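The values are calculated or read from the model by the stated rules, or taken from the named source; none is laboratory data. Because the structure is predicted, anything quoted here is derived from the model rather than measured. Don't worry about glycine lacking a Cβ; one is built from the backbone with ideal geometry, like all the others, and counts go over all protein chains shown. These accessible areas exclude ligands, DNA and RNA; they are computed on the full protein's heavy atoms, side chains included. Shrake-Rupley method; radii C 1.70, N 1.55, O 1.52, S 1.80 Å.
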Amino acid sequence: MTTPTAKLEFQHLTKRFGDLVALQDISATIADGEFVSIVGPSGCGKTTLLRIIAGLERATEGRALLAGREISGVGYERGFVFQSDSLLPWRTVLSNVLIGIEIREGRRPEADVQRARELIQMVGLGGFENYYPRQLSGGMRQRANLARALAINPEILLMDEPFSALDAQTREVMQSELTRIWQQGRKTVLFITHQIDEAVFLSDRVIVLARRPGRVREVVDVDLPRPRALAVKRTPGAIAYVDHIWRLIEREVIESVEEEKRR
Amino acid sequence: MGTGQDQRDASRTLSAISVVSGFALWELVGRYMGTGLFLAVPTQIAAATVELWRRGELLNHITVSFSEFGLGYVIAVLLGVPIGLLLAVSSRARATLGPWVDGLYATPVIAIAPLVILWFGIGIWSKVFVVASVVIFPMIINTEAGVRSTPQHLLEAIRCFGASRMQLFVKVMLPSALPFVFAGMRLGIGRGLIGVVVGELFGARAGLGRLIAESAETFNMANLFVGVIFLAAAGILLTALVRRIEQRIVHWT
């Protein structure tokens, strides 16, 4: 059933926490080398979905396949970039980037150290190899996080709202940096965000989730030429996509905001 | 950089002025309020220090007290850190040892110091025991708290890289607990020095606490204050030493 090019596949994934249905019958396929985003209002199960892919959480029904193998636990073949700053404060940038290698190999092979240096160079942190996280800005830390995730050469890169803690301008810069970096390696990426314009700008496809229960509302193919510069965001084509997606979730977003007010 | 250095110089100058004025005030009050029987002024203490040093007694007291403190302190750190780690990672260990730790922490070991002298004799080992038993608790409790306060998002992030429990422990929990361990070590200095003195009050052949006790009995206030001042100085120096090591090792805080 699995097509040979599918990197990540969800087959009728359902997750229940007691009576609460967090995810209901999610099916989707992410092809090798594809950049796919997931957007949705809060409460749509984005985080739960990501935790299942991470292997931190088991699906109640259905399964998730990575390169044809069912996910049953945490593993080296998934590279994570988290929302919060998760660099180890006692390690330098280089040492943080190497943590995945250390965990997998139990040591630091010279070839990997060399590769880590190249990655640090690639994410734009050349010269900061020996800096500690507290000496870096928020944007630089997320660059380091990205290099750390890429260092283990994962099958797929999983990014959980990686730019949400950054200020608006830094976020724009990081978005264009991410497309530049992605363009070089064409790693398969699953990107979770609640910024619709960010999802459109970065992705080949956007999976729009609905809430309560979390389910796929629509999968939007983003047919914008690559490589993309930030100016693409202001083209009528991109704006039309953003508009379309916003209309899909508008009512639910307002609902979720109202609910939070009542709480 | 320049301003940081200037600030440090300024606060150092302030500390020096504070100490010198404090001693000056002490000298004046002692000299002119006429409480000579129960107080010695700094000049008398200085004279007594020289005299005790000349007779070789002071060095002997310092050596004995320092050995008691040093041995007890090192034993407490070497035992307390692993016990704290064990309590943090194993719920079975927590259940087994927890009540003992909490109970003994609340027990004033100082109060049973006379018993300790009976068990271990009046040589240094009774005092080593007292010091170790008062220093070990802040070590255990701080180490445990340090491991427990490891940020959850760091643990989860590193777990996502496929880290085993052992790897999480070594690469995340242990470094994360280090600042707490050092805080425990700094707390332990004060407690340990008190332990030395109290232990020696109840029975010792030599030591700064013994010097204090002996001098009190003979109303030799100058000698008594020599003991007190050397203990205070030891507290300041040892704390500064631990702090320096801490800054070297826990440089990221």
**Study point:** Positions within the range A:234-263 being open to solvent by 80 Å² or more (accessible area, probe 1.4 Å) and assigned to a loop (DSSP other than H, G, I, E, B), in sequence order
**Key:** A:R263
Check your understanding: In this structure, is A:I38 buried (at least 21 other Cβ atoms within 10 Å of the Cβ) and assigned to a helix (DSSP H, G or I)?
Key -> no
Exercise for review: Kindly indicate the residue of the range B:114-155 that is among the small types (G, A, S) and under 30 Å from A:V81 (Cβ atoms) and also most open to solvent (accessible area, probe 1.4 Å) among those meeting that condition.
Suggested key: B:S149
Exercise for review: Output the residues belonging to the range A:176-207 that are charged (D, E, K, R) and outside any helix (DSSP H, G or I).
Suggested key: A:R186, A:K187, A:D204, A:R205
Review point. Identify, please: which residue in the range B:209-253 is of a type in the set (A, V, I, L, M) and within 14 Å of another protein chain (Cβ to nearest Cβ) and is, among those, least open to solvent (accessible area, probe 1.4 Å)?
Key: B:V250
Exercise for review: Report yes if B:R191 is under 22 Å from B:L208 (Cβ atoms), away from chain A (no Cβ under 13 Å), open to solvent by 10 Å² or more (accessible area, probe 1.4 Å) and out of contact with any His (no Cβ under 6 Å at 6 or more places or on another chain), otherwise no.
Suggested key: yes
Point to revise | Subset tally (residues that are open to solvent by 10 Å² or more (accessible area, probe 1.4 Å), modelled with pLDDT of 90 or more and of a type in the set (A, V, I, L, M)) for the range A:195-219 | key: 2
Exercise for review: Would you please name the residue that is nearest to A:N153 (Cα to Cα), looking only at residues in the range A:80-132 that are of a type in the set (D, E) and touching an Asp or Glu at 6+ places or on another chain (Cβ under 8 Å)?
Suggested key: A:D112
Exercise for review: Provide a single number: the residues in the range B:203-253 that are in contact with a Leu (Cβ under 6 Å, 6 or more places away or on another chain) and outside any helix (DSSP H, G or I).
Suggested key: 1
Review point. Going by the conditions given, is A:Q121 buried (at least 23 other Cβ atoms within 10 Å of the Cβ) and more than 12 Å from chain B (Cβ to nearest Cβ)?
Key: no
Practice item. Considering every residue within the range B:105-113, establish whether at least one is within 14 Å of another protein chain (Cβ to nearest Cβ), open to solvent by 80 Å² or more (accessible area, probe 1.4 Å) and either part of a helix (DSSP H, G or I) or without any contact (Cβ under 8 Å) to a residue 24 or more places away in the chain (or both). Key: no
Revision key, fill the gap. Selection from the range A:80-96 of residues more than 8 Å from chain B (Cβ to nearest Cβ) and either under 18 Å from B:A163 (Cα atoms) or among the aliphatic types (A, V, I, L, M) (or both) yields A:V81, A:L87, A:R91, A:V93, A:L94, A:S95, A:N96
Practice item. Can you tell me which residue among B:L241, B:L201 is more than 28 Å from B:T43 (Cβ to Cβ), under 19 Å from the mean Cα position of the chain (by Cα) and not acidic (D, E)? Key: B:L241
Exercise for review: Look at the range B:55-108 and say how many of its residues are closer than 18 Å to B:N142 by Cβ and not small (G, A, S).
Suggested key: 20
**Study point:** Selection count where residues are closer than 15 Å to B:R159 by Cα, of a type in the set (D, E) and more than 10 Å from chain B (Cβ to nearest Cβ), scope the range A:46-79
**Key:** 1
Study note, to complete from the structure: Going through the range B:148-179 in order, the residues found to be within 33 Å of the chain's Cα centre (by Cα), at the interface with chain A (Cβ under 9 Å from one of its Cβ atoms) and not in a helix (DSSP H, G or I) are B:P151
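Yes/no matrix, rows are residues, columns are (1) at pLDDT 90 or above; (2) touching a helix residue (DSSP H, G or I) at 6+ places or on another chain (Cβ under 7 Å); (3) among the polar types (S, T, N, Q):
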residue	(1), (2), (3)
B:I124	yes, yes, no
B:V130	yes, yes, no
B:H153	no, no, no
B:C160	no, yes, no
B:A163	no, yes, no
B:F169	yes, yes, no
